[in-house]
Amino acid sequence: MARNQKPRPTSGGELRIIGGDWRSRKLRFPEAGGVRPTPARTRETLFNWLSFHIAGSRCLDLFAGSGALGLEALSRGASTGVFVDHTPELAQALRSNLRLLKSDGGEVICQNIETYLAQPPAKASDILFMDPPFRQGWLEKLFPMIADNGWVKPGSWIYVEHESELPTPTTPANWTLHRQKTAGQVTYCLYKVGEQQN
């Protein structure tokens, strides 16, 4: 969940999960770092796109914030969800919410995103969510790190949110834009990773 200079309206630090085992559960999170959860309508669209790919998947939620995307994935049957955010208050709230939900598939890491992505993972993610702060050039910096360090593999899906005035960002050659929509100030995209091109 990105931090934006013009944040979306929030419901006072409350998040409602919209589908799966935890449907309609309401969770609280601190108003730290200007967090703006992905709206319910956008989440519904995204998880409709991913409906045949969530069950049993390994998910990575970068700039996790409230954890809306990763929690939604776990609720809908993802096997694991790793939440990465550099804000200690948000990381602690995520840990508390995972305990509240009695989830054993979630892991929270409080770390700078660039530091986290600098090393290769134990296993690549099946689905990667990325909603970075707007207007800070994060996508240009992180796309190569994600591709080059093995965070995704052929067949993986990558969901990205960015400011709508930003042109469609340049991606690694083997990422294909699968779906894209714009809602107000936000454009959201779903990419599929193909075989590495020589």
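The values are calculated or read from the model by the stated rules, or taken from the named source; none is laboratory data. Quick caveat, the model's predicted, so the values are computed rather than measured. Glycine gets a Cβ as well: all are built from the backbone with ideal geometry, and neighbour counts include every protein chain shown.
Quick notes on this one:
- The set of residues in region 78-90 that are buried (at least 19 other Cβ atoms within 10 Å of the Cβ), over 19 Å from residue 20 (Cβ atoms) and either in contact with a helix residue (DSSP H, G or I) (Cβ under 9 Å, 6 or more places away or on another chain) or at pLDDT 95 or above (or both) comprises 84, 85.
Conditions (1) in contact (Cβ under 8 Å) with a residue 40 or more places away in the chain; (2) of a type in the set (Ser, Thr, Tyr); (3) in a helix (DSSP H, G or I), marked per residue:
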site	(1), (2), (3)
51	no, yes, no
83	no, no, no
92	no, no, yes
123	yes, no, no
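- Criterion applied to 46, 27 was being surrounded by 20 or more Cβ atoms within 10 Å (Cβ to Cβ), closer than 17 Å to residue 160 by Cα and touching a residue at least 24 places away in the same chain (Cβ under 8 Å), and the one residue passing it is 46.
- Residue 55 surrounded by 15 or more Cβ atoms within 10 Å (Cβ to Cβ) and either part of a helix (DSSP H, G or I) or modelled with pLDDT of 95 or more (or both): no
- Residues (surrounded by fewer than 17 Cβ atoms within 10 Å (Cβ to Cβ) and farther than 21 Å from residue 150 by Cα) located in region 104-132: 104
- When region 144-172 is filtered for residues that are modelled with pLDDT of 95 or more and of a type in the set (A, V, I, L, M), the ones remaining, listed by number, are 145, 146, 147, 152, 158, 160.
- Qualifying residue in region 61-76 (condition: within 24 Å of residue 173 (Cβ to Cβ), modelled with pLDDT of 95 or more and under 12 Å from the mean Cα position of the chain (by Cα)): yes
- Flag if residue 141 is farther than 22 Å from residue 27 by Cβ and either buried (at least 20 other Cβ atoms within 10 Å of the Cβ) or under 16 Å from the mean Cα position of the chain (by Cα) (or both): no
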